[in-house]
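Student: This is the structure, below, for whatever I ask next.
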């Protein structure tokens, strides 16, 4: 009888631990960084559709304004490292020899061919083992077009995959006489993204602008403060006054390696104590840096460091990893 009781207690404890583990892992979100950009050129509708099919939680949209005030989904304010703009409009570069999204109308931008990211000076593809440069017929698109794709797929599949837009270089836009933030917020509102319940997370590196979005513009969206510099990790308490989460470069979470095990900074612990979610960037299976494998990277950051989600170019690999962890 005693042994049966002990067995039942052990079984109950094991079951409780498994339930807690599954709950912990199920709360971690997978964010398709520029879409399924490890497989198709970044920020193309094809890349977003592929990410959707992988059943991610959120799909990211970096946003820059066109000359005629259309929010364009592209990673930078520049065009010449992902399109054929230098060949199609050779006379439209600025004094720094760069081609800017803001100097082209929506129709002109739609006429460009998009390709895998490359160095505009050398022509060398940034990630050589990804989709071949200049193959296919990829195009730029607007925030509205991407939202309609995602919402349309949500309607036809019954899923509720979210969007994760980023306000890019707001001060640059302001100097150009443009109000990127106001335009983006209006588009989001037009498509019913207004509150934390609406499955939209809005992010920005510019802390002043993100705070303005919350305080002055009264946005009720889930806001994430992106950070990249070590000193910014000391400002978590202030970020928590207006943001719901932080998006650090993953290296800001890592400390030294002791006995072949990674140690961690206090960033995640302090953020969680302040009620902030932590969504680090960027998890790339073909750019492992200090990790011996992608699985080691995922285990170190998602499990050991206990971050709440991950921006990744390879969403399917992260989803498969979390499923396997759940099954252990």
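Nothing in this text is a laboratory measurement; each read-out follows from the coordinates by a stated rule. This structure is a prediction, so every number in the text was calculated from the model and none was measured. Reconstructed Cβ throughout: ideal geometry from the backbone, glycine too, with neighbour counts over all protein chains shown.
Student: Just for the chain, what percent of DSSP beta bridges are antiparallel, to the closest 5?
Tutor: 30 percent
Student: Pairs of alpha-carbon atoms within less than 8 angstrom and 6+ residues apart define the contacts here; what relative contact order does the stretch 64-172 have, in percent?
Tutor: 28 percent
Student: Please work out the C-alpha center-to-center distance from the stretch 109-150 to the stretch 213-229 and express it in whole Å.
Tutor: 28 Å
Student: Could you tell me the calculated FRET efficiency between residue 290 and residue 94, based on Cβ-Cβ distance and R0 = 25 angstrom, to the nearest 0.05?
Tutor: 0.10
Student: Among 120-127, 254-261, how do they line up from the highest to the lowest mean number of other beta-carbon atoms within 10 Å?
Tutor: 120-127, 254-261
Student: Could I ask something else about it? Per the helix-only calculation at 222 nm, which mean residue ellipticity applies to the chain, given -39500 (n - 2.57) for every DSSP H run of n ≥ 4 and division by its residues, nearest 500 deg cm²/dmol?
Tutor: Only helices count here, giving -10000 deg cm²/dmol.
Student: Hey, another quick one. Note down the relative contact order for the stretch 187-328 as a percent, whole number, built from C-alpha pairs under 8 angstrom at least six residues apart.
Tutor: 16 percent
Student: Let me ask you something else. Sticking with the crude label model, points 7 Å out along Cα→Cβ, report the distance from residue 84 to residue 274 in nm, one decimal please.
Tutor: If labels sit at residue 84 and residue 274, their model points lie 4.7 nm apart.
Student: If I model a spin label at residue 174 and residue 124 as a point 7 Å from the Cα along the Cα→Cβ vector, what separation in nanometres do I get?
Tutor: Calculated label separation equals 3.7 nm.
Student: Between residue 189 and residue 304, what is the spin-label point distance in nm, taking each point 7 Å from the Cα along the Cα→C-beta axis?
Tutor: My value for the distance between the label points is 4.6 nm.
Student: Kirkwood hydrodynamic radius, the chain, all distinct C-alpha pairs: what's the number in Å?
Tutor: 21.1 Å is the Kirkwood radius here.
Student: Relative to a virtual label point 7 Å from the Cα of residue 133 in the Cα→beta-carbon direction, which members of the stretch 32-54 show backbone nitrogen distances below 20 Å?
Tutor: 37-44
Student: Let me ask another. How far is helix 143-157 tilted, in degrees, relative to the longest principal axis of the Cα atoms in the chain, given as a value from 0 to 90 rounded to the nearest 10?
Tutor: 40 degrees
Student: Could you work out the relative contact order of the chain? I mean the mean sequence separation of Cα pairs under 8 Å and 6+ apart, divided by the number of residues, in percent.
Tutor: 18 percent
Student: Can you give the FRET efficiency to the nearest 0.05 for residue 260 and residue 235, using r as the Cβ-Cβ distance and R₀ = 35 Å?
Tutor: According to the calculation, E is roughly 0.60.
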